[in-house]
Structure formats: structure tokens, C-alpha cells
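Dropping the structure in here first, questions after.
Just so it is clear, none of the values below were taken in a lab; they were calculated from the coordinates. It should be emphasised that the depicted structure is a prediction, and the values quoted were computed from it without experimental measurement. Cβ atoms come from the backbone with ideal geometry, glycine included; neighbour counts cover every protein chain shown.
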Amino acid sequence: MKRVLVVGSGVAGVAAALAARARGAQVTLVGTRPGATVLAPGALDDAPWESCAGSLPERLPLPAPALGVLDALGAYAVKGSGVLLATTAGLVRPARGADRALLDLASLPPGPVLVPRFDHPGYDARWLARAWSDSGIAKARSLGFVAEPAQLTRYVDEHSLPDADLAARHDDPARLAWLAGRLVEALRVTPRPLAIVLPAWLGVDLSRAQDLSEQVGVPCGEALTGTGGPSGLRFERARDRALAKAGVEVVAGHVVRAEHGGRSAEAVEWLVSLESGELVVSDAVVLATGGLLGGGLEYTPAGSVLSAALPPGPRSIARATIDAPLALFAFRKPLETPSSLQGSPAESHTWPFAEDPLLDRVGVRADEDGRAFGAPPGLHVAGELVADLPRTWLAALTSGAHAGVAAAED
Amino acid sequence: MSAGENGAPHVRGSAPPPSLRIATPPMRVDDLATDATFDVAVVGGGVNGTGVARDLALRGLEVALFERHDLAFGASGNSSGMIHGGPRYLVNNPNVTRTSCLDSGIVQHIAPHLLFRIPFLVPLKSGPLGKVMLELYDAFFRAYDDFQPLKRGKPHTRLDVSDVARLEPGIVGSIAGAVTFDEWGVDGARLAVLNTVDARERGASVYLHTAVESIAKAPREEGGPPAYVLAARDVLTQRAIRVRARIVVNATGAWSPITAALGCLPSSRIRIRPAKGIHVVFDRRLSNYAVLTEAIDGRQIFLEPWQNMSVIGTTDDDYYGDLDDVTATSEEVRYLVQGIARIFPQIREARAIGTYAAVRPTMYAYGPYEDSLSREHAVVDHAPDGAPGVYSMIGGKLASYRLFAQEMSDRIAEVLAPDTVCTTHEKPLPGGDRVPDALPLAAQHELLPVLARRLVYRHGSRVSRILARMTKRPTERAIVCVCEPVCEAEVRHAIGEEMARTVDDVARRTRLGLGACGGMRCAARCGQIVAEELGLPPREGMAQARSFLTRQAKTRVVAMGTAQARQEALALAQMRAMLGTKGDT
């Protein structure tokens, strides 16, 4: 049985692990530190959405391995025609798919959507209803948002709790039933809406949106929220369940080195060293350690190096944080060392100065099965570690699934 | 170049016509139609312009104040944030030191809540001259001590090596000792805001985000004095207004020559040598003292604890760029960090959360290094240019703004209100009358102590108005900006009472979004509140939040290191998910 070691527990790593396991490999997943996926708010994109007015361009359906992974996770809905999400910043935006707790507006016919209004710091339902109604997408679909009173917090401390904590409280069936009761009560005085959009409170273990909708009799779901929302937690729970069910061994720890070698002449193997000193031997390795945000890459401006008087030597602006035979690329070219003792100026390679920032593109170049260019066989990369890949959830999932299949079958 | 209604060029940067005479526009019926008539029109919402507006309003004159961006948009809101006593003038011009210290004392008197003590420490390198330098500095600051009582400063102290190690353990390297001296910090943006609020409450009309497009001579009434018509446009609503004023004051700092050109005045008469200065902001107070040291080229630079952060500064470089878009570059940041790190190496590991930059309106001279240019100020009377009653205020510095405003106002009062005297040194600025104690206030109103402290710092006795809002509507107790912190009531107060019209304006008045998170947790909510308060469409609030976040990111990334790069990636991902990075949908 082929041994595959996956490094990284974000969406790319999990996709690789599940896909490789589905192809019969013996899979170990190392590294359980939170990264970009855990911070993602639950919209599944494969490209920037801001330039698409209203609806996303048609895309080919996701490849089979990626669909398999989504199925195993069970927490997400992806639709070919896309979904529409209301964000707590006041926009209605398209996405390719979403966390199942989020309300998809795309399936609704024209009509009113209820936004429960209650005293909660930073959550101004009246304003949100106005802002969502005012958005081009809502107008085009004749969706109107109406804010109506419904007291949804139960205890005094809930005024100061972040959304994720409130979401955890709604894992309790009794609490969810209480919420349903309040909504049913609100519906008695409000003309029947098509759906109810709620703060991001619908569960941490699982999405409770389905349950709630059944109890209320109207589709209910969350608005998309940024920092402090529960979507990342739901990913972690879904991931842990899926990995356990598939029989993937999960090892806590932090990988510092991946070395190509072998204990015998005929067996070519990968030796992966953990920070603890432990060594894991495997036939193939998938590095899905994330980009800048996930921690797989590090931005290294020369000026940040602690040094007394001498200017630090020139160095390239980014490096991989795992010692492995990897070369970094961006825009299909090797990452060069700038001709400056102080490193290249941040203005030339970061958002918002650059339209297409180099820091968004940098990574390891790989073929579509994640085989790293120039590296010995058996080394695959996935997710944001891949150069020039869009930094999106679905792109990470797809690249992870491909890398997992290739690692198991090569 | 397009021509304004009056035939006067109104495009920024346009060259003045060859004639030195102010253009008299052809008579047209609508030339006579003005929206309002004032005694004085002040152009420029920095400390000088708002100081003049307040001074004249206190004397009972009818004043209009115009500002193209927001109050304290330029040098006033982006300085080192100190009302210092000017020790550097002590040797050659002790009278400047005296007046600076005196005025520092006066500002403490009229706005006691807004000033905070910044003790400075000057470490002196050991070496053959180390002991001698220590003696010299000791003697120098002994002389400066004579002026300290004027500004309630404490006398200097002389520290030996072990004192320095104990009091400022972050300092490294071999030193002979140090001297300390006392200065005062201030929030320059608040200072301009308070002057404006006071002027407005005393009858002045204030037009913010309103660009003056032309200044032309009004048709002269029979036997009457000369007067001017200012055509201006609200840049947010595009609404045009025209006002008539007897006297016009150009207090536009680095923009002064450009403003003069709008009135067809020769910019050569008010030449300035614009010099850019940048500061880098760190997320917390890193030192007990402000530490003075030298950059690689021998220039004096400093690390100062300022409000709840640390600031390093500053550069001083001739500036040839766009005055409306002055930003720090990563090169300038490295220059400062390198200089500070030699004596305070932790700075390299500290978290820079942003930069700010502005252009000093230094008086013109060809030849000297930027640092040696005079920080003096002067009033230019444009009567010799054919425009009697038009004045330009040039040069100056934050510490002497009130005095400069008084000098300007005295000149105007000679003509328009000869029986009046300046009272800006006696009458407290808004909130400066009875400054409450923050901690009992926090207990009484169940506020976070830090929130109460920050509220009292910014609003003095006027904190009562914000507390009244919270009592009336408890939801306004919600914290909008966690880093500073800023509560919803304060945001609404800034819009309602302090004339904030954008997220950016709210940030300038409350420091919302200028903390460690860079506005990621508060800009969108603040945009919602601004839109709601001003009756703007929701998308306008979102657009404001987006542009605030983008601009903040620009000031941050030039100072980012490895750890911040990760945070930047998160900020960008969050913004993409919630608001998008461009356009609207």
C-alpha cells in the first residue's frame, strides 16, 4: 500500500488526504495549526467575484475528485450557477458555493426577506436591510429585505459575545428550538417572508440552518461575516469527522524538513522531520502548508532582519518555511534576488499598490497534478503554496484533490 | 486647464497669468449673486486657519472657513504631535524659545485634556568626548530649565549609565550618560477640530470638503471697501457656493502658492520650500521616554511614546510631488528604522501598524539643507499685488499656531474690529473648561476604564454629551473600534457635532481604525453609521469604508515585516470576502 504524507490541515491538505485515501493509499496528515481556511468566512470562490455584476460566468463542473472531497466534508453546497450571499458589510455578492449554514438568496423568487431586528452591538438590522435591498443584485431579482423586531438574544452576556460563541450556543437543540420559537412569533406579525437571514450564529459542530428552517417553516440562514464568525470552526469539525471516517491518521506537529532519500538503494522514499525530532517515512508527500497567510511561505524583506550596523545581504522577498527541494516562482518566472542591499520595495509587489501583486502569485510551480517542478518524484504541492493559482477556497480544494490522487497513483 | 466662471483659472497647479494685477471679472448678473456675506473668509482647515477662524469669531466677526479636504488633512494632523518649547532656538534666538514655551503653556491652559507629558531622553555616546558632551548638554538644558515653568515642564535631569539602564532598559550600546527634558504631546487633528467647533459655535460658517475654485474681486460698491467673491464647490456633493468677504486669509500651508494662484496672485510672493516628513507608528508604547538619536546622516531622529502607541520620526526631504497624496515610502521607513535600531534594536521586532506623511510649509531659501530651513512664520499682505485685504500665512509650526493665528487676527482686527483684543489664550477650547476624572466616570457609567480615559482625552468636559447619548440610546454604548477603543456614541458625536462626513474624517477625529487592526473590524460598521447619520445611500458608506481600508493598507505595507505580511494577507482576504477590493455590485 502506498504511503502518502500530507502536510497541512487546511482545505487543500484535507482534500489531498481524502482523495489519496479514496484511491487506496495509507494516508498520514501532519500539522493541525489554523491557517487561511479557518479564517475564511464561508464563501467558496474560484475567482475574484467583484468584477462579476450579479452572476458568475459559467464554469465547468468541478472535477470528480474535488466533488468527492466536498461530499465527504458534507458541510458545503456548490452550485454550477452559483449562490448569492448577503454580507454583514452590507453587500449581496455572488459565490460559486457556500457553507451550508449561509442563506443562499439565488434560489429565492422575487419577494421579501426578513431580517430580524434586535439590540445587538454592531448589528444594525435596519441598516443591513436597507443596504442589501439597495444592492444591484437584489434590485435585479426584486428581492426586498425588511427589518422586523424579534429578540434573538437570550442572556445578558450575549451582548458582548463574538458570533462564533453564539453559534456554539445554538448547537444545543433546546436553544435552537427557542430561536425557532422567537422567529415563529415574529412571523405571526409579519407578512410571510421568503426566507430569514440571521447573524452568523447557526452552529459550530454542524450547520443548524436546515434544522431551524424545518422548525420555522421558512428557509433560514446566516449572513456572510468576516472576523469572528463560526465558519472556520465548522470547517474544522467537518474536517475531523471526514478524516476519522476515511481512516486518515492525523499527527499533531510541525514539519521542518522534507528530504528525498531512502534507507535502501531500491526504495526511494521521503523523510519528513517534525519539529519534535520525529521522522516520518513515506512514498509521496503533499505539501499543503498554505501561502503567506497559511504560513507555508514567509515574506522576508531584508530590512526586517535584526542586524546592528551593516546592511543585510540581498535576499529574495519570499521563502518556503519548510526546508524541501522547492524553488519559488511568480508569474511563471523564478523568484529573483533583488539587486538591492535592502531588498525590493514593498510598494512594487503588494496590494494595494500593485494591481496583480507579486506576493499574491508567489509559490511553487507545479503541473496540474501538483508535481513540483524541478523537485524529485513524489513531491506534490497544493493550495496556496502553488504559484500563480488564485488564492481561493475552491482552487485550493481542487488542487489538493488532484495532488492527492497523483500522490496515491504515481 | 479649464477656466472658472469668473475667467480665473481654478485648476490646481495652473500657472498664474503674467499680470501681477488681480483679475477683475467681467460683470455678469450672477456675479452679484452670492449665498452669504462674511467679514472674513479663511481658506485652509489646518491649525493656522482654524486658529484664525476661532480668534476672529471670538472677536465677533463673521467668518467663513473653507477646507478642501478635511480639518488637519495636511501637516497639522500628521506632525510629530508635540507642542514643544523649541530648545533648538535657545542659543541663537532665546526669544523664540521663550514665546514657544509661553504658547505651550497657553495651550495647556485652554485645552488641558488634550496635552500629555512626553519626557525626552538624550543618550550621549561614550568615547573621548563623551563626558564633555554630557557636561555641555547638562549646561544647555540647565539654561532651558529657566523656560520650563512657562509650560509647567519639569527641570531636566542628568542620568548616569546605571540610571539609563534602569529607566530605559531598551537602550543598547556604550553611553556616557544621558540628560532628560520635558515636553508636551498633543493630537494635532483634535486641536484643529476643537478650534473649528468653537469658531462654529461662535457663529462661524464652516465648509469642509469644499474646494475654493476662484477668488475674485467683487464689484465695488460706491465708496465701499474692496471685497472678494469666493466660488467654491463641495467635492462630495458637487454643490457650488459663492460667498462674499471683505478679507481673505490664505492659510493653506504647503498649498499656499496654489491657493494664491486661484486668486491670480503671484505665487512668487509666498514662496515656500515644501519638505516632506514621515513617521512610522508602532502598535504600543515601546519605551518610557522619547529617545533622541541620530540617523545615518547625522540628522536628529526620535522614538516617542505617543498616546497609546509609539512613533518614530522624522524625515525632512524636499518634496516635488502631489500635495494631496503624500505617502511614506519603504525607503524612508528603512532609513528611520535603521537609525532608531542602532540605539533601540527592539524596534526591528516591534509591529509597525502604519505610517503617515505630510509636507511642511517651510519658508523658501535656496541652498541650505532642509533641516536648517527656518521654522519661522510670516503674514504676507497682498495689497502690493493689487489685492488689498488678502493675506497669506506662510511657514509656522504646530507649537506656535495660536500665536501665529493671533498675529494674523490682530492685523485683520485693526481694519474690521479695532476695539477688540485676542482672547484665544484665555477662553478654553471646547471641553477644556472642567476636565472630568476618567476613572470615577468609568465606574459611574459602567464603561471600560480605557474607553473612559480615551473619551476624556479627546473630549474633556464634553464627554458629558457623549455619555448623554449613551444614556438615551444604550445601543450606542457598543464599541465600534476595539483597538482605540471608540464607541458608537462617539462616532455619531463626531458626525453630528464635529462635522465628520466620511469614515476617514471619523478616523481623524476619534482615531478609529488607526490602531493595530487597521480598520478591518470597524471600517464597514463606521461606514454604515456615517451613511445612516448623513442620509446617504448604504453603498456610499461601503465605498467610504473600502477606500479607507485601501488607503490604510497603503500606509501599512511600506513598513511591513514578516509577521505583518501575514496579517496583510488576512486583511486582504477578509476585505475580498466582505466588501470586495474594487467597484460595487
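So, by mean Cβ neighbours within 10 angstrom, what's the order for B:57-69, A:286-298 with the highest one leading?
Working: B:57-69: 24.0, A:286-298: 27.8.
Result, highest mean first: A:286-298, B:57-69.
Could you work out, residue by residue across A:116-125, how many beta carbons of other chains sit within 10 Å of that residue's beta carbon, and then give the average as an integer?
Values: counts 0, 0, 1, 4, 2, 10, 10, 3, 7, 0.
Neighbouring Cβ atoms belonging to other protein chains average 4 per residue here.
For A:VAL251, enumerate residues with amide H under 5 Å from its amide H, sequence gap 5+ or separate chain, H modeled in the peptide plane.
A:LEU29, A:VAL30, A:GLY31
Same structure again: Could you give the size of the charge dipole of segment A:268-400 about its Cα centre, using +1 on the Cβ of each K and R and -1 on the Cβ of each D and E, expressed in debye and rounded to the nearest 20? Intermediate values should be presented prior to the final figure.
On the way: 8 positive and 16 negative charges, 69 e Å.
About 340 debye.
Cβ under 10 Å from B:ALA438's Cβ, B:ALA438 left aside: what net charge do those residues give with Lys, Arg +1 and Asp, Glu -1? Don't skip to the answer; put the middle values down first.
Working: positive: B:ARG453, B:ARG454; negative: B:ASP437.
Net of charged neighbours comes to +1.
Now, a different point. Is there a pair in B:LYS151/B:LYS427; A:LYS79/A:LYS139; B:LYS427/B:LYS472 whose C-alpha atoms are over 24 Å apart, and which pairs would that be? Don't skip to the end; give the middle numbers.
Working: B:LYS151/B:LYS427 17 Å; A:LYS79/A:LYS139 22 Å; B:LYS427/B:LYS472 30 Å.
In this structure, B:LYS427/B:LYS472 exceed 24 Å between Cα atoms.
What do you get for chymotrypsin sites (Phe, Trp or Tyr not before Pro) in segment A:106-203 restricted to DSSP loop and a cutoff of at most 13 other Cβ within 10 Å of the site's Cβ?
Working: sites: A:PHE118, A:TYR123, A:TRP127, A:TRP132, A:PHE145, A:TYR155, A:TRP178, A:TRP201; in loops: A:PHE118, A:TYR123, A:TYR155, A:TRP201.
Passing both the DSSP loop test and the Cβ count: A:TYR155.
Give the cross-link partners of B:LYS582 among the lysines, using a straight C-alpha distance below 18 Å as the criterion and excluding same-chain residues fewer than 8 apart.
B:LYS554
Turning to a different aspect of this structure: Rounded to the nearest 5, what is the percent of antiparallel bridges among the DSSP beta bridges in chain A? Don't skip to the answer; put the middle values down first.
Numbers: 28 of 59 bridges.
Here the antiparallel bridges make up roughly 45 percent for chain A.
Only Lys, Arg, Asp and Glu count, each charged at its Cβ (+1, +1, -1, -1), so figure out the dipole size of segment B:457-504 about its Cα centre, rounded to 20 debye.
Working: 9 positive and 7 negative charges, 53 e Å.
In total the dipole reaches around 260 debye.
I'd like the isolated cysteines in the protein assembly as shown, meaning no second cysteine's beta-carbon lies under 4.7 angstrom from theirs.
Lacking a cysteine Cβ partner under 4.7 Å: A:CYS52, A:CYS220, B:CYS101, B:CYS264, B:CYS422, B:CYS483, B:CYS487, B:CYS517, B:CYS526.
Label segment B:36-75 by shape, choosing from rounded, prolate and oblate, from the square roots a ≥ b ≥ c of the eigenvalues of the Cα gyration tensor; if a/c is under 1.5 it is rounded, and otherwise prolate applies when a/b is larger than b/c, oblate when it is not. The partial results should precede the final answer.
Working: a/c = 3.54, a/b = 1.62, b/c = 2.18.
Judged from the Cα gyration tensor, segment B:36-75 comes out oblate (a/c at least 1.5, b/c at or above a/b).
Further question: Restricting the count to DSSP beta bridges whose residues both fall in chain B, what percent are antiparallel, rounded to a multiple of 5?
Working: 63 of 82 bridges.
For chain B, the DSSP antiparallel bridge percentage is about 75.
When Cβ neighbours within 10 Å are restricted to other protein chains, what is their mean count per residue of peptide B:332-340?
Other-chain Cβ atoms within 10 Å of each residue's Cβ, averaged: 2.
Next question. Counting other beta carbons within 10 Å of each Cβ, put B:ILE171, B:ILE347 in order, fewest first.
Details: B:ILE171 21, B:ILE347 24.
So the ranking, lowest neighbour count to highest, is B:ILE171, B:ILE347.
Please order B:HIS113, B:HIS459, A:HIS254 by the number of other Cβ within 10 Å, starting at the fewest. If you can, show how the numbers build up before the last one.
Values: B:HIS113 25, B:HIS459 28, A:HIS254 16.
Ranking B:HIS113, B:HIS459, A:HIS254 by Cβ neighbours within 10 Å, fewest first, gives A:HIS254, B:HIS113, B:HIS459.
Efficiency by 1/(1 + (r/R0)^6): what FRET value for A:MET1 and A:GLU58, r their Cβ-Cβ distance, R0 = 45 Å, to the nearest 0.05? Intermediate results must be reported in sequence, preceding the final value.
Working: r = 40 Å, r/R0 = 0.89.
The value I calculate is 0.65.
I would also like to ask the following. Which one, A:SER282, A:SER133, A:SER107, has the greatest fluctuation when you compute a Gaussian network model over chain A with C-alpha springs under 10 angstrom?
A:SER107
Name the residue, out of A:VAL30, A:VAL268, A:VAL115, whose mean-square fluctuation peaks in a Gaussian network model built on chain A with Cα pairs under 10 Å.
The residue that fluctuates most here is A:VAL268.
In whole angstrom, note down how far apart the Cα centers of segment B:211-278 and segment A:96-153 are.
Distance between centres, Cα-based: 48 Å.
Taking the Cα centre of the protein assembly as shown as origin, sum charge times position over the Cβ atoms of Lys and Arg (+1) and Asp and Glu (-1), and report the length of that vector in debye to the nearest 20. Write down the numbers at each step before the final one.
On the way: 106 positive and 110 negative charges, 157 e Å.
Rounded to the nearest 20 debye, it is 760 debye.
Here's another thing I want to ask about it. Using only DSSP helix segments of four residues or longer, with each worth -39500 (n - 2.57), what per-residue ellipticity at 222 nm results for chain B after dividing by its residue count and rounding to 500?
Working: 17 runs with 200 residues, N = 585.
Dividing the helical sum by the residues of chain B leaves -10500 deg cm²/dmol.
Using a Förster radius of 56 Å, what is the FRET efficiency between A:ARG154 and B:GLU331 based on their Cβ-Cβ separation? Nearest 0.05, please. Working shown, then result.
On the way: r = 55 Å, r/R0 = 0.99.
Plugging the Cβ-Cβ distance into 1/(1 + (r/R0)^6) gives 0.50.
Which net charge results when you count Lys and Arg as +1 and Asp and Glu as -1 among the other residues whose beta-carbon is under 10 Å from that of B:CYS487?
On the way: positive: B:ARG454, B:ARG469, B:ARG477, B:ARG492; negative: B:GLU476, B:GLU484, B:GLU488, B:GLU490.
Net of charged neighbours comes to 0.
What chymotrypsin sites (Phe, Trp or Tyr not before Pro) does segment B:119-209 have in DSSP loop regions with at most 15 other beta carbons within 10 Å? Before the final figure, lay out each step's value.
On the way: sites: B:PHE120, B:TYR137, B:PHE140, B:PHE141, B:TYR144, B:PHE147, B:PHE181, B:TRP184, B:TYR207; in loops: B:PHE147.
Those that pass, being in a loop and sparsely packed, number zero.
Name the long-range amide H neighbours of A:SER340: under 5 Å, sequence gap of 5 or more, or other chain; modelled H, no Pro or chain starts.
Long-range HN contacts for A:SER340: none found.
Restricting to the protein assembly as shown, what percent of DSSP beta bridges are antiparallel, rounded to 5? Spell out each step's value before the answer.
On the way: 91 of 141 bridges.
Once the DSSP bridges in the protein assembly as shown are tallied, antiparallel ones form about 65 percent.
Separate question: Which length gain, in nm to one decimal place, applies between B:GLN444 and B:VAL132 when the Cα-Cα distance is subtracted from 0.36 nm times their residue separation? Write down the numbers at each step before the final one.
Details: separation 312, 0.36 × 312 = 112.32 nm, distance 5.48 nm.
Stretched out fully, the B:GLN444 to B:VAL132 stretch lengthens by 106.8 nm.
Expected output is a single nm value to one decimal: the length gained when fully extending between B:THR423 and B:ALA143, i.e. 0.36 nm times separation in residues minus the C-alpha distance. What is it? Don't skip to the end; give the middle numbers.
Values: separation 280, 0.36 × 280 = 100.80 nm, distance 3.06 nm.
Here the segment from B:THR423 to B:ALA143 would lengthen by 97.7 nm.
Rounded, prolate or oblate: pick one for segment A:21-64, where a ≥ b ≥ c are the square roots of the eigenvalues of its C-alpha gyration tensor, a/c under 1.5 means rounded, and failing that, prolate if a/b is larger than b/c, else oblate.
Working: a/c = 5.14, a/b = 1.60, b/c = 3.21.
Taking the square roots of the gyration eigenvalues as a ≥ b ≥ c, segment A:21-64 is oblate.
Something else about it: Take chain A, connect every pair of alpha-carbon atoms lying under 10 Å apart with a spring to form a Gaussian network, then pick out the residue of A:VAL69, A:VAL216, A:VAL381 with the largest mean-square fluctuation.
A:VAL216
Given contacts defined as C-alpha pairs under 8 Å and at least six residues apart, what's the relative contact order of chain A, whole-number percent? Walk me through the intermediate numbers first.
Working: 955 pairs, mean separation 88.6, N = 410.
Once normalised by length, the contact order is 22 percent.
Taking H as built 1.01 Å from N, whose amide H comes closer than 5 Å to the amide H of A:LEU102, not counting residues under 5 places away?
Those qualifying (amide H under 5 Å, at least 5 residues apart or on another chain) are A:GLU222.
Rounding to the nearest 10 and keeping the result within 0 to 90°, find how far the Cα-based axis of helix B:463-472 lies from the longest principal axis of chain B.
Around 80 degrees separate the two axes.
Sequence gap at least 6, Cα distance under 8 Å: using those rules, report the relative contact order of chain B to the nearest whole percent.
Working: 1250 pairs, mean separation 98.0, N = 585.
The normalised contact order for chain B reaches 17 percent.
Would you calculate a helix-derived [θ] at 222 nm for chain A, using -39,500 (n - 2.57) for each DSSP H run of n ≥ 4 and dividing by the full residue count, to the nearest 500?
Details: 11 runs with 110 residues, N = 410.
Theoretical 222 nm ellipticity from helices: -8000 deg cm²/dmol.
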